[in-house]
Amino acid sequence: MKTIMLVDDNPTLVMLYSEVLRRNGYAVRTALSGKECLDILRESSPDLILLDIMMEPMDGWEVLTEIRSGNSTKTIPVMVLSAKYPQYDEISSHSPHIDGYVMKPVTHESLIRIVGDFFRFRDYLDTLVTRAEERGADEATIRESVALLRHWRMVEMFRSILGPDLGREVSMDPEQMERFNVLKKILAGHGITIDEAGLRIES
Amino acid sequence: MKILVVDDKSENRYMLESMLRSSGYDVVPAINGVEALEKLHADTFDLIISDILMPRMDGFMFIRECKTDPVLNKIPFIFYTASYTSEKDREFGMSLGAEQYILKPIEPDEFLEIIKKTVLSAPSQAQAKVAREVRDEEAFFETYNSRLVHKLEEKIGELQASKYSLEESESELRFLFDTMTEGVLFLDSDGIIIRANKAAEDILGLPFEQMQGRTSTDERWHAVYEDGTPFPGERHPAVQALDSGRETTGVMGVYNPSEDDYRWIDIHSVPQFHPGETAPFGVYSRFRDVTLQKKIRKERELHSKRIEELLELHRIIDSPEQTIMVRAIDASLVITSSAYGFIGLVSDDESKLVVHAWSEGVMKNCTVPSMPVHFNISGPFVWGECIRQRKAVIINNFDDYPAKHGFPGGHVAIDHFMAVPVFDMGRIVAMCAVANKEEPYTSDDAGTLTTLGNTVWEIMHRKQSAEALRKREAQLLEAQRLARLGNIDYDVTGNYLSLSDEGLRILGIQAEEFQGTLDDYYSRIHPDDLDQVKTMYTTCIESGGREIFEHRILRPGGEERYVQVRFRTVKEPGGTVTYCSGTIQDITDRKLTEKQLEVSILRITQNLEQMAILNDQIRNPLSVITAITDLEDGQYKQKILSAVREINDLITRLDQGWLESDKVRKFLKTHYGFYEESG
């Protein structure tokens, strides 16, 4: 059973989302502040953290920075669950470090689907890594491919949140795009095809 | 020093006298030995120079007289001769006591040198010689006679030779007479033709037998003047020459029956006299066929007239179009020798011809409607034939012209005419037409008229272009003034920077205040921007690129203005930049507008940001409502959820507005940004 950690300063929402996640077969840990979240993380590692941004006194971005800088926590996937409409500068600075962005309010159905999509994506990456390792792709290539795939997925996610007009401003920079294509070719050489279309997410 | 010069020929004496006098000698002339002896007795001389062949007493006899005289034999004696040139003559002369024996001709310097030497060293030798020769008088005369006989034989020989050469030259003359290209007639004292050469037969178109016995006044010559009037027989140069006894010349046309045409001849008649007679015994008339020359001269005159006409047209380029047209029509008449003419402009689709002016002749001789007259080219309009056929049309026999439709009443009577189209880029733009030249129109005429048409069109066209250019320039200046756009030009090699009037106005200075250097220009730039601007200019000039940059300038009164400079460099083939040109524009107003816009947008952005924070606070309760409603399937679940979604959509639009305004603000900052964010 996968464990999800919910971090939000609104107890009602924490209660309600916990209930929904449990009903859908996830184990849930909750924290009502950034500090509480970081304390818990010192003892256990969840499979996914759903992190609110607008919190006092430590906001979500600060918590994220802490998580990403801790040795035992830096690889834990973090998905932002926020009422805050994303800003361009936030997108560009945080998107490499997060694994999803969910706008509140969100229906339970959507929340469960987004969480499910995320785990399926993790599985896909795991399979990819295993297969690539089996077929003799070098470690650096694999690591870079995974990172770029995650980044690509985030860009796609933000574009879908901002809509066609504002979304145009968000994109992978040309160098990353080129590198991404090179890696895809390398992987293709190992018989691994990355099917982007199949990975596209709806928010 | 006095010299006696003895020669029977005056020109020889003159030559010697002038040569000797110019060298400082006194000269006394004598024409033969007898006169020389008289002079010698009357005066004292330092030298005698004598010819040999002279009448009365020749040189040999003369020297003998001198050298046998005890006084005269002391005077040095020089023979100077052109006749006695043999070695024997020389030996004889020297044996008679001459100091020198000189053959003519001799270089003056050399002669003078000999004279000098002779005078200095003569006396003793002379006396010795004289003693020897004079002793034997018999011997002298023997030798003397042999020299004379020899000379006589030579003279006879010369005469003989000249007789032969006379015969030779006579036959030569006869040959020349027959073969020369000039016609030659010999007429006797009654003016009757006695002889004629081959060329005369050709030019006059008659064999000698037929003209033999005729006079110059014979009516069968049909002689005419250049203007076509009959040439009276008594005015004929041959007749005149016989009457007056003087050479006479004249030009006339004579009918050549074998060619059935007139030939133009230039006659030169020379009367011939027997020695001692005053009345000529006959006259030689030689004449050249000048028909071709006359034709060429006429062509040349016409040609230069044509050129003059064309040049004249160029001179009146500044006149109104109507004047040019009228002048061009006059020119068309002159250069084609026509009576009538007009020039018309063809409409763009080549369907209509508009005639703005006719030649004066047309105006006098027919009733034409008031100008301009429009013609349909497709209609029954003979002039339009050159446009329909798109080439020059020459009709020399109008009566037989099949396309003739008959002229409307009042039209001038046309015998023959010519019309040419004027092309511009393959389109017919005008046509020129002329009519009723005296002779038939030729393709040469068509060529000339086409040249005229082209010239007129070119002039009108150039005139229009020039006017259009002037207008455009004025518009450009006005546009520049309105746009506050000035020109800036920099001659790198000469370090000369020039600004247009508007450029100066932007800098707030008068032309005389500006020194025209880059440094002066720099001194007007805002100190805070100067380094950046200098770098821009320097880099641009060094690399040969183009730049657009904005900076501030300070006007003399201290007013600060914003300018935008677009700067372009011109490279030499080698790559060196020698010249730069560009525009300078006052963008202060735009800058201020931008600044206001920037401030407004900043304000809006800040407002929206405030709202966005509010949005987050609204979304939290909305999230709770959604979460609660969504947990259980209640009666109003879907209604509540869609209401929440609607509210969320509305506030999301505000979020997006903020994002949008932020985008605009950043865009302005990147593209126009001189300003940092201000409160």
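The values are calculated or read from the model by the stated rules, or taken from the named source; none is laboratory data. Please read all numbers here as calculations on a predicted model, not as lab measurements. Please note: Cβ atoms are built from the backbone with ideal geometry, for glycine as well, and neighbour counts cover all protein chains shown. The accessibility values were calculated without ligands, DNA or RNA, using every heavy atom of the protein model including side chains. Shrake-Rupley method; radii C 1.70, N 1.55, O 1.52, S 1.80 Å.
Quick notes on this one:
- Taking every DSSP bridge with both residues inside the protein assembly as shown, close to 75 percent are antiparallel.
- Chain B: angle of helix B:588-631 to the longest principal axis, Cα-based, in degrees nearest 10: 30
- Ellipsoid fit via the Cα gyration tensor, chain A: semi-axes of 29, 19, 16 Å, each the root of five times an eigenvalue, largest first.
- Accessible-area composition of segment A:1-125, carbon plus sulfur, in percent [1.4 Å probe]: 51
- Taking every alpha-carbon pair within segment B:180-289, the share separated by more than 20 Å comes to 32 percent.
- Solvent-accessible area buried by pairing A with B, both sides, nearest 100 square angstrom, 1.4 angstrom probe: 2200
- Accessible heavy-atom area order of A:GLU178, B:GLU560, B:GLU473, highest first, probe of 1.4 Å: A:GLU178, B:GLU473, B:GLU560
- For segment B:511-664, the alpha-carbon coordinates run over 88, 42, 20 Å along the three principal axes, in decreasing order.
- At least 30 Å² accessible surface lost relative to isolated chain, residues of segment A:73-90 (1.4 Å probe): A:ALA83, A:TYR85, A:GLN87, A:TYR88
- The apolar share of the surface of segment B:483-586, taken as the fraction of accessible area on carbon and sulfur atoms (1.4 Å probe, ligands and nucleic acids excluded), comes to 45 percent.
- Here the relative contact order of chain B, from alpha carbon pairs under 8 Å that lie six or more residues apart, stands at 5 percent.
- For segment A:106-151, a reduction of at least 20 Å² in accessible area between the chain on its own and the assembled protein chains (probe 1.4 Å) is found at A:THR107, A:HIS108.
- Square roots of 5 times each gyration tensor eigenvalue, C-alpha, the protein assembly as shown, largest first, Å: 126, 51, 29
- For the protein assembly as shown, the solvent-accessible area works out to 53 Å² per residue, with a probe of 1.4 Å and every protein chain left in place.
- Going from the chain on its own to the full set of protein chains, segment B:596-626 has these residues losing 50 Å² or more of accessible surface (heavy atoms, 1.4 Å probe, no ligands, DNA or RNA): B:ASP616, B:ARG619, B:ASN620, B:SER623, B:VAL624.
- Cα pair distances exceeding 15 angstrom across segment B:592-672, given as percent: 64
- Calculated P(r) tail over 22 Å for segment A:34-121, as whole % of Cα pairs: 25
- For chain B, the fraction of alpha-carbon pairs in successive 20 Å shells from zero, as %: 11, 15, 17, 18, 18, 11, 5, 3, 1, 0
- If you model segment A:108-172 as an ellipsoid using its alpha carbon gyration tensor, with each semi-axis the square root of five times an eigenvalue, the axes come out at 27, 17, 5 Å, biggest first.
- Taking Lys and Arg as +1 and Asp and Glu as -1, the other residues whose beta-carbon sits under 13 Å from that of A:LEU32 total -4.
- Membrane-span-like helices in chain A, defined purely by DSSP H runs whose alpha carbon atoms cover 20 Å or more axially and whose average Kyte-Doolittle hydropathy reaches -1.0, are A:108-134, A:139-167, A:174-189.
- Cβ-defined net charge surrounding B:HIS41, 12 Å radius [Lys, Arg +1; Asp, Glu -1]: -4
- For segment A:10-79 and segment B:316-351, distance of Cα centres in Å: 98
- The long axis of helix B:321-336 is offset from the longest Cα principal axis of chain B by roughly 30 degrees.
- Principal-axis tilt of helix B:33-42 within chain B, Cα atoms, nearest 10 degrees: 90
- Computed P(r) (all Cα pairs; segment A:94-143; 10 Å bins; percent): 21, 37, 27, 13, 2
- Contact order relative to length of segment A:109-203, as percent, for alpha carbon pairs under 8 angstrom and 6 or more apart: 38
- Using only alpha carbons, segment B:2-135 has a radius of gyration to Kirkwood radius ratio (Rg to Rh) of 0.92.
- Translational diffusion of segment A:1-84, µm² s⁻¹ [Kirkwood Rh, Cα pairs; Stokes-Einstein; 37 °C; 0.692 mPa s]: 261
- Dipole magnitude of the protein assembly as shown about its Cα centre (Cβ charges: Lys, Arg +1; Asp, Glu -1), debye to nearest 20: 2520
- Here segment B:592-672 is assigned +1 on the Cβ of each Lys and Arg and -1 on the Cβ of each Asp and Glu. Its dipole about the Cα centre then comes out at about 320 debye.
- When the inverse distances between all different Cα atoms of segment B:483-586 are averaged and flipped, the Kirkwood radius reads 13.7 angstrom.
- B:LEU554 exposes around 60 Å² of accessible area when a 1.4 Å probe is run over every protein chain in place.
- Order by protection proxy (mean Cβ within 10 Å, highest first), peptides B:336-343, A:73-80: B:336-343, A:73-80
- Other residues with beta-carbon under 12 Å from the beta-carbon of B:ALA435 carry, at +1 per Lys or Arg and -1 per Asp or Glu, a net charge of -2.
- Of B:LYS352, B:LYS391, B:LYS471, the residue with the largest accessible area leads and the full order is B:LYS471, B:LYS391, B:LYS352 (1.4 Å probe).
- For B:TYR401, solvent-accessible area (1.4 Å; no DNA, RNA or ligand), Å²: 30
- Distant-in-sequence amide H partners of B:ASP415 (H built 1.01 Å from N, under 5 Å): B:ASN436
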